[in-house]
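A quick write-up on the structure given underneath.
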Amino acid sequence: MKSRRLVLLQALKHAAASRWERVFNQLEKRLQGVRQELSDRVRAFFVDALRELGAVLYAKGIRMKEISVFDPFDEVKQNDTLEEMLYYVKQLLVHAHSAIHKIGTLNSVEFSRR
């Protein structure tokens, strides 16, 4: 799973959003076999992905709080199902990609809580 995480983060560096979206969709399909309840292993995967995403953003001069109004690590802890986790992470990646490539504005970053 670590290699998938690294491929996803590398794909975020490309201007075409379709790259990271394709990798994320592959990850979603791979995780469909996982129980809907989040295991510690799956949760740890996403925590590691957030840390690495933070490093990618930092290298671009972007803080995590610029793309998320909520603390992403708290959100990972609060998500109860794989579906919720994937939804949250995908929204975070949309905002991260936009910030990295300066697409649109991020003045009103909002994530809906389920």
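The values are calculated or read from the model by the stated rules, or taken from the named source; none is laboratory data. In this text, all values refer to a predicted model and were calculated from it rather than measured experimentally. So basically every Cβ, Gly included, is an ideal-geometry build from the backbone, and we count neighbours across all protein chains shown. Please note that ligands, DNA and RNA were not included when accessible areas were found on the heavy atoms of the full protein model with its side chains. Shrake-Rupley method; radii C 1.70, N 1.55, O 1.52, S 1.80 Å.
Below, the figures for the structure above:
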{"quantity": "Residue list for the stretch 23-38, filter: exposed (fewer than 12 other Cβ atoms within 10 Å of the Cβ) and more than 20 Å from Leu6 (Cα to Cα)", "calculated": "Gly33, Arg35, Gln36, Glu37"}
{"quantity": "Tabulated pairs, the stretch 81-105, first open to solvent by 60 Å² or more (accessible area, probe 1.4 Å), second small (Gly, Ala, Ser), C-beta under 7 angstrom, 6+ apart or interchain", "calculated": "Gly104/Ser98"}
{"quantity": "Filter result (open to solvent by 60 Å² or more (accessible area, probe 1.4 Å), among the aliphatic types (A, V, I, L, M) and touching a residue at least 24 places away in the same chain (Cβ under 8 Å)) within the stretch 2-22", "calculated": "Leu6, Ala15"}
{"quantity": "Residue list for the stretch 39-72, restricted to those being open to solvent by 20 Å² or more (accessible area, probe 1.4 Å) and outside any helix (DSSP H, G or I)", "calculated": "Ser39, Lys60, Gly61, Arg63, Val69, Phe70, Asp71"}
{"quantity": "Single residue of the stretch 31-84 satisfying the filter (over 17 Å from Lys13 (Cβ atoms) and basic (Lys, Arg)) that is modelled with the highest pLDDT", "calculated": "Arg63"}
{"quantity": "Any hit, the stretch 7-15, residues being modelled with pLDDT of 90 or more and among the charged types (D, E, K, R)", "calculated": "no"}
